[in-house]
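Contents: one structure, followed by commentary.
None of the figures in this text is laboratory data; all of them are computed from the coordinates on show. From a predicted model like this one, the values you see are computed outputs, not experimental measurements. Note: ideal-geometry Cβ built from the backbone for every residue, glycine included; neighbour counts use all protein chains shown.
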Protein chains: 2
Amino acid sequence: MDKVNLGSQIFVYPMPVAIIGVMVDEKPNFMTLAWLTRVNLDPPLIGVVINKTHHTARGIRQTRSFSVNFPGQELIEKTDFVGMASGKNIDKSALFDLFFGKTKSAPLIEQCPLCLECRLHGISEFPTNDLFVGEIVESYTEDRFLTDGKLDLAKMKPFLLTMPDNGYWSVGERVARAWEAGKALFNQKQ
Amino acid sequence: MDKVNLGSQIFVYPMPVAIIGVMVDEKPNFMTLAWLTRVNLDPPLIGVVINKTHHTARGIRQTRSFSVNFPGQELIEKTDFVGMASGKNIDKSALFDLFFGKTKSAPLIEQCPLCLECRLHGISEFPTNDLFVGEIVESYTEDRFLTDGKLDLAKMKPFLLTMPDNGYWSVGERVARAWEAGKALFNQKQ
C-alpha cells in the first residue's frame, strides 16, 4: 500500500458553491460558502456553516431567516468577491437584483438559477464555526433551467470549489443514473 | 420576474458523493451518502448525515469512529450498490480492499483516491436524520492523485449526485482561481 498522509486539515472534494443572503441591520448582505448540506429529510432542513465572527452570522440571528442561492458560472467573479469582502466594511447590497418570498425577510438573488428560502430552525455550535440549520420553506428557479419539470444541472451551470488548491471547477457530463448503476450488482448479491 | 416555485423538498446542487465506512457488529460495512460538509475549521470537524434507521448509524455509535471515502468514477457501480443495499441484509464487507489507520477501528477503502479517518466528536439529532460529527484524525491519498503536493480533482475523478433527477455527474474543467477571480472587483469597491 502506497498511501500518502495528508494530515487532518482536509476538505470535502469537491464542494458545491452557494451564496448566502441575509438582512443585516436591515441591509441585504451576501457571502459565499461551500460548507453546506441537507441535514434532515422531513421536514426539509439544510445546514450552512459560518465562521462565528462573520457579518452573515449576526444577520441570521437577527432575522431568523436566510437564503441559499446557487450561482451559475457567469457569476464567478461576483461570487468570489462576496466571499472575500466583509459586509462590515463593504456594502454588497446593490450587487445583485433581489426578490423576497414567503419569509419577507430573506433576500433572494434574481440572477441565480436556484434559490432556497429558509427559516431558521436552530443552531448547532462548534468551536470556530456555527451550523445554521434552516427549514426550506420555498425554492425558486426559472423554466429555462428545467428539463421534464426537474432542475437540469447542465442548464444551471453551477461550479464547485476545491481547497486548499483554491480552484473553481465546472460540472462535466451526466455519467450514470443513481439507484440504477448498481442494480445488476444488487440483484446478484440478493 | 418569471420565477417558478419548486417547493421545499429540494437539495444541494450538486452534491459530492462519499462512501462511509464503519464496523458494525465487528464487520466492515459501507454506505453511500451525499449529505456531508465540514462543520468546523479548527479542530477539523466533518459532519455526515445519516437516516436514523441505517445500519451505519448503529456502527458509528458502537465504535465512535468512521471513514469518509471519496470514490473515483471507476467505482460508480459499487458506490451505487452500497447506497442501495443495507448491511442488515447484505454482507458488503468484501467489496473493497481495506486498510486501517490511527483509530484502528474505521475501515478505509484502498481503492478510493481520498480517505478521511474520523473519530466521533458528537451527534446533532434531527427528526428523521442524525448528523454525525467526526474529528478528522488523518487523511490518505496516493502520489498519483497529487499535483505540486496538493490533491488534484482532475486526477481523482470524483463524481457528483443530483436529486430528485438521480444523476451522477463528472467534474469538468478548472475554470477559475478562488480568492483571485473577484480581486479586481474587490479592489474597485475598497
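Quick notes on this structure:
- Most mobile of B:139, B:67, B:105 in a GNM of chain B (Cα contacts under 10 Å): B:139
- Taking Lys and Arg as +1 and Asp and Glu as -1, the other residues whose beta-carbon sits under 13 Å from that of residue A:136 total -1.
- Cβ crowding within 10 Å, taken as a proxy for footprinting-reagent exposure, orders A:35, A:179, B:169 from fewest neighbours to most as A:179, B:169, A:35.
- Partners for residue B:78 among lysines (Cα-Cα distance below 16 Å; same-chain residues under 8 apart left out): A:183, A:189, B:92, B:157
- Proportion of all alpha-carbon pairs of the range A:146-187 beyond 12 Å (%): 72 percent
- Here is how the number arises for chain A: DSSP H runs of 4 or more residues each give -39500 (n - 2.57), the sum is divided by the residue count, and the result at 222 nm is -4000 deg cm²/dmol.
- Peptide B:107-115 - average C-beta neighbours from other chains (10 Å radius): 1
- Averaging Cα coordinates gives a centre for the range A:16-91 and one for the range B:138-190; these two points are 20 Å apart.
- Placing dummy labels 7 Å off each Cα toward the beta-carbon, the span from residue A:180 to residue B:142 is 3.0 nm.
- Rounded to whole Å, sorted largest first: equivalent-ellipsoid semi-axes of the range A:1-62, Cα gyration tensor: 30, 16, 10
- Whole-angstrom Cα spans of the range A:37-136 along principal axes, big to small: 32, 28, 24
- For chain B, modelled as a GNM whose springs connect Cα atoms under 10 angstrom apart, the maximal fluctuation among B:21, B:172, B:134 occurs at B:172.
- Working note: Debye formula, equal point scatterers on the alpha-carbon atoms of the range B:117-190, no solvent; log10 I(q)/I(0) at q = 0.13, 0.14, 0.19, 0.24 Å⁻¹ is -0.81, -0.91, -1.06, -1.05.
- When chain A is treated as a Gaussian network with alpha carbon springs shorter than 10 Å, the biggest mean-square fluctuation among A:20, A:46, A:123 belongs to A:123.
- Expressed per residue, the C-alpha convex hull volume of chain B stands at 178 Å³.
- Residues whose placed amide H lies under 5 Å from that of residue A:121, excluding near-sequence neighbours: A:133, A:134, A:135
- Expressed in Å, the radius of gyration and Dmax of the Cα atoms of the protein assembly as shown are 19.8, 63.
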